[in-house]
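The values are calculated or read from the model by the stated rules, or taken from the named source; none is laboratory data. Quantities reported herein were computed from a predicted structural model and do not represent experimental measurements. Using ideal geometry, Cβ is built from the backbone for each residue, glycine included, and neighbour counts are taken over all protein chains shown.
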Amino acid sequence: MTPRYAVLVGQLQQFLAELQQVVDRSQQLLQKYRTTQDNDYIGTLALNLHSFYTGVERCLEEIAHQLDDAIPSGTDWHRRLLQQMSAELPDLRPPVIRATTRQKIDEYRAFRHVVRNVYTFDLQPERVVTLTEKLGGSYTEFRSDVEAFCHFLRDASKDLEK
């Protein structure tokens with residue numbers, strides 16, 4: 001594998017492992033919340049959801065930087081990055097994530113904005129719980145897409161070495 005692609009694949013695998021930890025921790029906290037009904041867990045769950053999206057975005061930014069050589073800018077760059085990653089770039093790369101994955105991840109992007117702009121006591125517990133319940137499935141889809149993209153990079157690297 002070319003060094004450039006090997007580095008990117010290694011980084012993506014590391015990001016996925018870190019995201020798995022966020023998902024696991026979130027599920028543990030959700031269980032504690034359900035057992036205790038202690039709203040103090042809501043703020044911590046919200047922070048984990050924020051961390052999840054931030055980790056996903058870091059992963060996608062690295063791809064945009066390393067392969068696309070273009071990271072969106074402007075006030076809506078977060079949303080446009082998701083769109084860019086779900087688009088095929090002819091002669092460069094296939095979509096990194098599917099449109100269905102983008103829609104799921106976009107929920108966490110929007111929620112991250114809420115977390116950054118309200119006090120924790122203003123968070124809606126039902127929304128936090130719902131997003132946490134969906135987190136495992138959203139991560140599984142994202143991981144599957146990124147792993148398929150890593151497979152593309154390995155194959156492309158083999159073609160470059162010929």
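Collect the residues in region 17-36 that are without any contact (Cβ under 8 Å) to a residue 24 or more places away in the chain and of a type in the set (Gly, Ala, Ser), keeping them in residue-number order.
Hit for region 17-36 is Ala17, nothing else.
With respect to Leu8, determine if the residue is touching a residue at least 60 places away in the same chain (Cβ under 8 Å) and either hydrophobic (A, V, I, L, M, F, W, C) or crowded, with 19+ Cβ neighbours inside 10 Å (or both).
yes
How about region 26-40: which of its residues are in a helix (DSSP H, G or I) and under 14 Å from Tyr119 (Cα atoms)?
Across region 26-40, the qualifying residue is only Asp40.
Is it true that some residue in region 95-114 is in contact (Cβ under 8 Å) with a residue 60 or more places away in the chain and hydroxyl-bearing (Ser, Thr, Tyr)?
no
Give me a count of the residues in region 128-162 that are charged (D, E, K, R), at pLDDT 95 or above and either more than 24 Å from His113 (Cβ to Cβ) or within 12 Å of the chain's Cα centre (by Cα) (or both).
4
Which ones in region 22-49 are surrounded by fewer than 18 Cβ atoms within 10 Å (Cβ to Cβ) and under 18 Å from Glu141 (Cβ atoms)?
Asp24, Gln27
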